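The values are calculated or read from the model by the stated rules, or taken from the named source; none is laboratory data. Every value quoted in this text rests on a predicted model; they were computed, and no experiment measured them. Here the Cβ positions follow ideal geometry from the backbone for every residue, glycine too, while neighbour counts run over all protein chains shown.
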Amino acid sequence: MSLAGGGVALVGAGPGDPGLMTVRGLALLRRADVVVYDRLVDPRLLDEAPPGALRIFAGKASGAHVLEQPDINTLLVRHARRGRFVVRLKGGDPFVFGRGGEEADALAAAGVAFEIIPGVSSAVAVPAYAGIPVTHRGTASSFAVVTGHEDDDKAGSAVDWTRLATAVDTLVILMGARSLPRIAAALLQGGRAPETPVALIRWGTTDAQETVIGRLDEVATRPDAVRLAPPVVVVIGDVVGLRERLAWFAGQSDGAAEARPPQLRELALQR
Ligand SMILES: C[S@@+](CC[C@H](N)C(=O)[O-])C[C@H]1O[C@@H](n2cnc3c(N)ncnc32)[C@H](O)[C@@H]1O
């Protein structure tokens with residue numbers, strides 16, 4: 001579909017490291033008239049848009065939206081109808097807890113042409129940068145990606161943690177660090193073993209990456225885990241143990257950033 005006469009590309013920007021954006025996404029970004037971007041998008045990617053492109057920050061920090069979702073939908077439709085090519089740049093993959101489906105729905109309802117460019121989701125990329133494969137032959141044959149973000153005062157939970165406890169081998173939780181005490185308690189109640197290894201990975205794939213490892217029955221209340229502010233991916237399952245052998249990227253905080261060839265980072269960003 002041509003978006004040249006006005007349209008929107010919903011583009012996944014990847015999990016943090018700008019080199020993890022797709023080739024297709026980058027090509028579209030370089031042609032954008034308007035870029036509407038979220039908080040977790042690396043600022044270096046914005047430099048890839050043409051100098052004259054309009055750059056609009058849509059916010060989306062948890063609980064601190066610069067623009068509400070209906071306003072974002074309206075913005076996308078309005079610019080596309082003016083004949084502009086809009087790139088809606090979203091962290092990770094647009095359809096993994098990214099509200100990309102809602103935006104596509106609004107575009108479809110308005111008769112605006114659109115494209116979806118999937119992205120590398122933090123759900124798999126952040127564990128990978130911490131040396132944790134979400135599946136592993138003989139250790140984990142299934143994984144689930146679950147949101148941990150729910151209003152504390154919401155009656156009941158949209159996620160049945162006690163049922164999930166033993167239903168899948170690896171649980172990957174986005175937006176769940178702050179709710180981890182409640183989630184861990186429900187998983188233990190549902191029969192997950194107390195010694196199950198858990199990893200909390202903050203700012204994965206970036207130079208600021210940090211990882212905290214513990215057990216399901218103790219890590220949630222440990223000070224080094226509690227101090228981790230978002231963005232954090234939580235991984236629960238025996239695959240976490242593989243990190244001992246597979247950790248390859250440690251981020252700048254513990255001096256391993258230099259171990260990573262800089263040309264790998266820069267390659268994808270060269271025109
Ligand atoms: C609104 S969700 C968006 C997820 C995104 N669409 C994706 O596919 O990765 C935001 C959450 O993703 C996770 N996340 C995204 N990027 C991350 C990163 N670099 N390090 C750790 N967690 C990250 C965190 O759990 C964060 O709170």
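Tell me which strands (runs of 3 or more DSSP E) are completely within the stretch 70-187 and hold 2 or more residues being among the charged types (D, E, K, R) and touching a residue at least 60 places away in the same chain (Cβ under 8 Å), or say none if there are none. First the steps, then the outcome.
Numbers: elements: 85-90, 114-117, 143-147, 170-174.
In the stretch 70-187, 85-90 are the strands (runs of 3 or more DSSP E) which contain 2 or more residues that are among the charged types (D, E, K, R) and touching a residue at least 60 places away in the same chain (Cβ under 8 Å).
Yes/no per residue for (1) within 16 Å of the ligand (Cβ to nearest atom); (2) in contact (Cβ under 8 Å) with a residue 60 or more places away in the chain; (3) closer than 19 Å to Ala130 by Cα:
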| site | (1), (2), (3) |
| --- | --- |
| Glu195 | no, no, no |
| Thr205 | yes, yes, yes |
| Ala225 | yes, no, yes |
| Val234 | yes, yes, yes |
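For the stretch 1-37, what are the residues that are free of Cβ contacts under 8 Å to residues at least 60 places away in the same chain and within 16 Å of the ligand (Cβ to nearest atom)? Residues satisfying the conditions are Val36, Tyr37.
In the set (1) at pLDDT below 95; (2) buried (at least 21 other Cβ atoms within 10 Å of the Cβ), Pro70 fails one condition alone, (2).
Just to be sure, is Arg88 away from the ligand (no atom under 11 Å from the Cβ), surrounded by fewer than 18 Cβ atoms within 10 Å (Cβ to Cβ), at pLDDT 95 or above and not small (Gly, Ala, Ser)? No: the conditions fail for Arg88.
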